[in-house]
Amino acid sequence: MQSRWSDADAQATIERYRDEPQVNEDVALRVYTSRLIGQDPALVLHGGGNTSVKTTLVDDIGDEVPVLCVKGSGWDLGTIEPAGLPAVRIGSLGALRDRDVLSDEDMVNAQRTRLIDSSSPNPSVETLLHGFLPHKFIDHSHADAILALIDQPDAEAICKEVYGDRLAVVPYVMAGFTLAKLAAETYENNPDVEGLLLLKHGLFTFGDTAKESYERHIQAVDAAERFASGKTGGVQVARGSLEPCAYEALAPILRGKLGAGERRYLLTLRRGPAIDPFLGRTDLASVSQRGPATPDHVIRTKRLPLLLDIMPTMDGAAIGAHIDERLASYREDYVAYVEREANYKERRVAQLDPDPRIILVPGLGLIAAGTSEKAARIGADIYEHTISVIEAAEVVGCYEALPARDLFDMEYWSLEQAKLGKASPKPLEGRVVYITGAARGIGAACARAFAAAGASLYLTDRDETPLRDVAASIGAPFEVVDVASEEKVRASIDHSVRTFGGLDGFVSNAGIAPQGPIDSVATEELKRSFEVNFFSHQYLASAAVRVLRAQGVGGFLLFNASKAAFNPGKGLGAYAVPKAAVVALMKQYAIECGDIGVRSNAVNADRIRTGLLDPDDIERRAAARGLDADAYYRSNLLSREVAAEDVANAFVSLALAPSTTGCVVTVDGGNIAASPR
Ligand SMILES: [Zn+2]
């Protein structure tokens with residue numbers, strides 16, 4: 001690892017914040033090197049690590065006060081700003097060292113009551129450690145290469161061999177007051193060191209300048225990397241690979257079994273040149289079951305991954321039975337671990353869900369499960385780095401993680417759980433919804449409404465540019481798909497399964513509106529209308545139900561019917577006839593899928609400005625009724641123009657109606673001649 005310090009960049013950072021209040025050069029440089037550390041995933045991941053600087057700021061009565069600016073919770077070092085470094089008055093902070101004990105609540109209070117700005121985020125849980133050390137700049141990471149040395153039974157001897165007296169070793173103690181005192185004592189007993197190695201946890205370095213502390217950090221990591229790369233070893237034996245399509249078959253089964261009650265997980269598959277050999281290790285069942293590389297990963301990955309042995313010869317039923325068996329034993333072990341540790345500590349804790357977050361499938365890859373896409377991605381990132389730590393540790397010696405007892409303290413530490421946030425989940429959180437015709441009109445409105453309800457979306461349309469814009473506006477993946485092609489619809493459903501691990505429902509919305517008298521419409525045109533306005537719904541429903549059956553946790557099918565299905569108009573037969581068939585199709589799915597908890601419903605909307613009909617047609621239709629276009633849109637019982645959003649909200653409410661199936665909801669402002677019955 002090499003230093004990425006640049007004098008020019010450091011100076012540019014100082015200039016950038018020159019005119020900002022409460023940002024002096026110390027704070028600007030603290031931002032600069034914090035970002036250098038935070039942007040390298042081999043050093044810290046997703047909000048891990050922390051940094052600080054001791055400096056002087058002006059308080060509200062104009063006094064210069066010595067402060068500790070330390071990373072605030074909720075900030076990521078890679079993108080940190082001065083606001084992410086809350087300033088804690090340091091004057092009386094050191095006096096806390098005289099206390100014998102300080103509860104977590106008292107520690108948080110001690111930090112918050114010393115803030116210069118009451119609106120600051122909570123200072124890091126390692127604030128006191130930064131505060132009790134005398135150095136101006138302090139940098140802390142959980143670098144992969146360092147963890148490979150300190151996650152060892154004889155870590156102390158290895159650290160001595162690699163670092164001599166440059167770094168002092170601190171035995172493992174959970175972050176907080178006790179660790180802060182121990183780290184300060186260790187430093188005072190070794191006043192010439194450049195930093196501290198916290199066994200089973202990570203690296204602290206310090207210095208008089210931002211550059212010195214940062215470069216000592218990089219040098220320490222570099223030394224660890226060189227030490228490991230000078231050794232050889234390992235027991236890698238690649239197992240046979242599973243078929244490339246195996247994931248699409250496996251993921252929905254796994255996802256369905258992981259989900260329970262209202263809880264659903266999104267899955268992310270990772271493969272790659274570092275993952276495959278790890279999964280092929282003959283000792284995988286041992287090395288993967290020792291625990292996380294650093295304790296704060298436990299809240300993202302759980303203590304242990306779930307191991308699956310899927311063979312290419314297994315069919316869906318065999319895969320399901322295998323997952324049932326492994327998952328049941330995983331959950332039993334988890335419940336037993338929480339009970340055992342809570343009893344030992346005489347603590348009453350609310351047990352978290354017993355589900356794995358990392359699933360290892362040799363021959364296929366690592367699968368991360370999360371209640372959100374972000375949580376799954378973070379889990380996968382962390383486990384990829386866990387793999388590189390384990391591999392390097394096994395080359396150096398023997399990978400050893402913290403005992404379950406210590407990990408329990410971390411997993412059930414209120415200050416750690418607070419990092420996951422307490423926001424109550426949105427109604428469709430963890431649900432995957434596939435939407436066709438999403439580029440504009442009702443489809444685009446559905447995309448926005450389902451996203452607002454918390455769903456993870458897979459958007460399709462045949463028109464790429466507007467589709468990309470809608471997808472970008474809500475951060476959803478998208479694919480150009482011609483829904484008239486059965487093959488392409490099936491492939492696209494597979495792609496959505498690959499993206500999220502499964503499916504919970506769809507809005508089958510894409511359509512065209514050919515016109516002309518029914519007795520003279522060209523047969524080809526009628527067939528084309530049936531392809532888009534009827535068969536596309538069938539292609540999508542049959543492909544989706546295959547996934548929903550494999551998942552076994554229900555789901556919803558939502559069809560965009562039309563007023564034309566119930567109250568056809570002159571000259572719109574080529575549109576109305578297949579739309580009437582869609583209503584029959586919806587009912588048929590309701591009949592045949594009720595036993596697997598899959599609900600099938602439709603929305604019957606009318607006169608929405610969606611671009612389905614071209615404006616000239618609208619003018620003509622309005623004129624035929626003696627109306628202008630605006631009045632045409634309002635010619636209903638409520639004299640109210642129906643918006644695409646009204647239709648989208650009806651789809652969302654059907655997605656959330658657990659007892660409704662085989663139903664058509666009308667959203668047309670009121671048109672009694674078109675009411676379904
Ligand atoms: Zn840490």
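Bear in mind these aren't lab numbers, they're just calculated from the coordinates by the rules spelled out. For clarity, every value in this text was computed on a predicted model and none was experimentally measured. Every residue, glycine as well, gets a Cβ built from its backbone with ideal geometry; the counts of neighbours run over all protein chains shown.
Summary of computed values
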read-out	value
Computed [θ] at 222 nm, deg cm²/dmol, the chain (DSSP H ≥ 4; -39,500 (n - 2.57); rounded to nearest 500)	-13500 deg cm²/dmol
Spin-label pair Lys231/Ile596, simplified geometry with 7 Å Cα→Cβ offset, distance in nm	5.0 nm
Kirkwood-Stokes translational diffusion coefficient of region 7-229, alpha-carbon pairs, 20 °C, 1.002 mPa s, µm²/s	122 µm²/s
Cut-off 12 Å between beta-carbons: net charge of the residues surrounding Thr268, Lys and Arg +1, Asp and Glu -1	+4
Taking Trp5, Trp75 and counting other C-beta atoms within 10 Å, the order from fewest to most	Trp5, Trp75
Gained length - Asp630 relative to Val335, 0.36 nm times residue gap less alpha-carbon distance	100.0 nm
P(r), alpha carbons of region 149-307 - 5 Å bins starting at zero, rounded %	1, 7, 11, 15, 16, 13, 10, 9, 8, 5, 3, 1
Peptides ranked, highest mean first, by Cβ atoms within 10 Å: ranges 653-665, 381-393	381-393, 653-665
Cβ-based charge dipole, region 7-229, positive-most Cα from Leu196, Leu96, Val70	Leu96
Test item: Cα-centred dipole of region 99-152, Lys/Arg +1 and Asp/Glu -1 on Cβ, debye	300 debye
Leading residue at positive end of dipole, region 246-417 (Cβ point charges), from Leu258, Gly365, Tyr330	Leu258
Extended-chain gain in nm, criterion 0.36 nm per residue less alpha-carbon gap, Ala657 and Glu487	58.1 nm
Normalised per residue, the volume of the convex hull around the Cα set of the chain (Å³)	195 Å³
Computed magnitude of the charge dipole of the chain (debye, nearest 20; Cβ of K, R +1, Cβ of D, E -1)	2180 debye
Size of electric dipole in region 7-229: Cβ of Lys, Arg +1 and of Asp, Glu -1, about Cα centre, debye, nearest 20	220 debye
FRET efficiency for Asp324 and Asp617, using Cβ-Cβ distance with R0 set to 45 Å, rounded to 0.05	0.20
Dipole of the chain [Lys/Arg +1, Asp/Glu -1 at C-beta], most positive-end residue of Leu402, Thr460, Phe500	Thr460
Prolate/oblate/rounded label for region 290-356 (Cα gyration tensor, a/c 1.5)	prolate
Dimensionless Rg ratio for region 323-471, taking C-alpha atoms and the 2.2 N^0.38 Å reference	1.39
Highest to lowest packing among 490-503, 313-326, 632-645, scored as the average C-beta count within 10 Å	490-503, 632-645, 313-326
Local electrostatic count at Val65 - Lys and Arg +1, Asp and Glu -1, tallied over other residues with Cβ under 14 Å	-3
Long pairs among Lys426/Lys488; Lys374/Lys488; Lys160/Lys181; Lys257/Lys345, criterion Cα-Cα beyond 24 Å	Lys426/Lys488; Lys374/Lys488; Lys257/Lys345
Separation of the Val58 and Arg99 label points, Cα + 7 Å toward Cβ, nm	3.3 nm
Sequence ranges 520-528, 533-541, ranked by mean other-Cβ count within 10 angstrom, highest first	533-541, 520-528
Neighbourhood charge, 10 Å Cβ-Cβ cut-off, centred on Ala393 and excluding it, Lys, Arg +1 and Asp, Glu -1	-4
Cα gyration tensor shape of region 246-417, rounded if a/c is under 1.5, else prolate or oblate by comparing a/b with b/c	oblate
